[in-house]
Amino acid sequence: MSVIKIRDNIYAVGAQDPDVRIFHGYKTPFGTTYNTYLVQDGGKNILIDNVKAAFTEEYIRNIEEIIPLEKIDLIIQNHIEPDHSGSLPAIAARIPHAPIYCTAGAQKGIAAYYGPGFNCHVVKPGETLCTGNYTFRFFPAPMVHWPDSMLTYLEEEKILFSNDAFGQHVCLDCTYDDELGLERLMERAVNYYGNIILPFGMQVQKILGQVEPLKIDMICPSHGVILRAHIADVVYAYDRWCHDQADENRVVIVYDTMWGGTEKMANEIAEEHREQGQDVRVYCLRDVHYSEVMGDLVEAKSIFIGASTLNRNMMPTVAAFITYMKGLWPKKRTGMAFGSYGWSGESIGQAEEIMQSLGWEMLPQRKMVYMGL
Ligand code: FEO
């Protein structure tokens with residue numbers, strides 16, 4: 001990525017990763033970005049976040065398009081997952097004078113990942129840092145996305161540097177949300193929320209409560225496009241998603257099939273619900289990666305899972321999907337297990353048991369013997 005000036009004194013200096021197609025198990029058909037920002041306040045230079053280790057050289061080149069790296073006075077490290085901290089050791093080694101503003105959890109994580117000796121300054125909730133004309137306010141946000149996460153608000157510019165929150169895995173030829181377009185922005189945002197943020201609804205509620213009173217002109221996340229035109233759309237959506245307010249009229253059916261019986265059932269169930277006027281989305285796990293279903297699972301009240309029986313188990317594709325979904329834990333849903341079998345049929349009960357373990361209201365399971373056409 002070349003450097004992009006987003007305000008008179010503020011630059012996006014991070015890296016693009018357009019070719020990454022699997023991001024820790026999550027399919028990223030449009031790649032991603034590791035956004036970081038350089039803020040200049042008079043003679044002070046503040047670096048916000050880092051990039052994945054493989055992009056360190058590119059990152060340093062970007063910074064040095066503006067100033068020599070040694071001119072950086074301090075680093076704000078909002079989160080230490082390796083996609084945001086991989087370049088930190090190389091950067092910090094060249095500017096040991098620069099304190100790293102971070103949470104206590106981040107300080108611990110930096111030492112665990114990269115060893116001792118980092119010049120960390122642990123921030124307290126609500127702590128501010130005045131750099132001259134600018135005031136940075138820190139909002140620790142545990143579990144949005146990791147225990148160490150925090151958001152940073154630049155008061156005078158009304159910019160929220162939100163790190164993982166409000167991000168999207170997308171790397172297209174655009175910097176801002178209005179360039180991406182609202183429809184695609186929301187599709188990428190819900191996909192991201194479903195695969196990254198979904199388990200942490202209560203923590204999202206807490207951080208929304210803290211940032212909603214702020215005047216925000218721009219949200220600069222660490223992935224995807226910067227929000228300036230559609231902030232309200234994304235924040236409103238997060239408010240719904242973190243309260244598990246799913247669409248009562250939407251049904252998602254996810255299945256795989258051996259001899260076509262479970263597929264036949266999936267299509268029949270879909271037709272029944274379409275006849276009732278419901279918005280039904282059907283995913284066959286032969287054709288889609290399990291992570292591509294998660295955006296729809298954030299929005300759908302009803303989730304029906306079709307599991308053929310293979311050697312007394314679910315098919316591996318369905319087992320993988322259910323394991324993944326269980327970890328992300330959509331709540332307050334209505335579930336149903338269905339499937340066909342040749343001679344035993346255990347998979348339907350196995351799928352049902354996992355859905356029950358998530359606290360979902362369950363419809364009666366449907367199963368049938370089917371030996372193909
Ligand atoms: Fe983008 Fe939690 O890392």
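Condition check for Ala111 on (1) under 12 Å from Ile75 (Cα atoms); (2) of a type in the set (A, V, I, L, M, F, W, C); (3) assigned to a helix (DSSP H, G or I): one failure, at (1). Out of Glu81, Glu70, Glu58, report the one residue that is modelled with pLDDT of 95 or more, over 25 Å from Glu155 (Cα atoms) and surrounded by fewer than 16 Cβ atoms within 10 Å (Cβ to Cβ). Of Glu81, Glu70, Glu58, the one residue that is modelled with pLDDT of 95 or more, over 25 Å from Glu155 (Cα atoms) and surrounded by fewer than 16 Cβ atoms within 10 Å (Cβ to Cβ) is Glu70. Look at (1) open to solvent by less than 60 Å² (accessible area, probe 1.4 Å); (2) within 21 Å of Ile100 (Cβ to Cβ); (3) away from the ligand (no atom under 16 Å from the Cβ) and you find that His121 fails only one, number (1). Selection of first residues in the stretch 340-352 that are open to solvent by less than 30 Å² (accessible area, probe 1.4 Å) and of second residues that are in a helix (DSSP H, G or I), restricted to Cβ pairs under 8 Å at least 6 apart or on distinct chains, gives the following pairs, ordered by first then second residue: Ser340/Gly261; Ser340/Thr262; Ser340/Lys264; Ser340/Met265; Ser347/Val318; Ala351/Val318; Ala351/Ile322. State yes or no: is Ile354 closer than 19 Å to Glu292 by Cα, modelled with pLDDT of 95 or more and β-branched (Val, Ile, Thr)? So Ile354 fails the test. Of all the criteria given as (1) surrounded by fewer than 17 Cβ atoms within 10 Å (Cβ to Cβ); (2) over 22 Å from Ser347 (Cβ atoms), the one not satisfied by Val298 is (1). If you go through the stretch 1-44 and keep only what is among the β-branched types (Val, Ile, Thr), touching a strand residue (DSSP E or B) at 6+ places or on another chain (Cβ under 7 Å) and either open to solvent by 60 Å² or more (accessible area, probe 1.4 Å) or assigned to a strand (DSSP E or B) (or both), you end up with Ile4, Ile6, Ile10, Thr32, Thr33, Val39.
Tallying residues that are within 14 Å of the ligand (Cβ to nearest atom) and on the phi < 0 side of the Ramachandran plot within the stretch 208-241 yields 4.
Where helices (runs of 4 or more DSSP H) fall entirely within the stretch 240-344, those with at least 3 residues that are at pLDDT 95 or above and hydroxyl-bearing (Ser, Thr, Tyr) are at 316-328. Considering the stretch 124-155, the residues that are away from the ligand (no atom under 13 Å from the Cβ) and open to solvent by 70 Å² or more (accessible area, probe 1.4 Å) include one that is nearest to Pro199 (Cα to Cα), namely Pro125. Among the residues of the stretch 92-106, is there at least one that is within 16 Å of the ligand (Cβ to nearest atom), open to solvent by 10 Å² or more (accessible area, probe 1.4 Å) and assigned to a helix (DSSP H, G or I)? Yes: one or more hits.
The values are calculated or read from the model by the stated rules, or taken from the named source; none is laboratory data. It should be emphasised that the depicted structure is a prediction, and the values quoted were computed from it without experimental measurement. Positions of Cβ are backbone-derived with ideal geometry, glycine not excepted, and every protein chain shown enters the neighbour counts. Note: accessible area is taken over every heavy atom of the protein model, side chains too, but ligands, DNA and RNA are not part of it. Shrake-Rupley method; radii C 1.70, N 1.55, O 1.52, S 1.80 Å.
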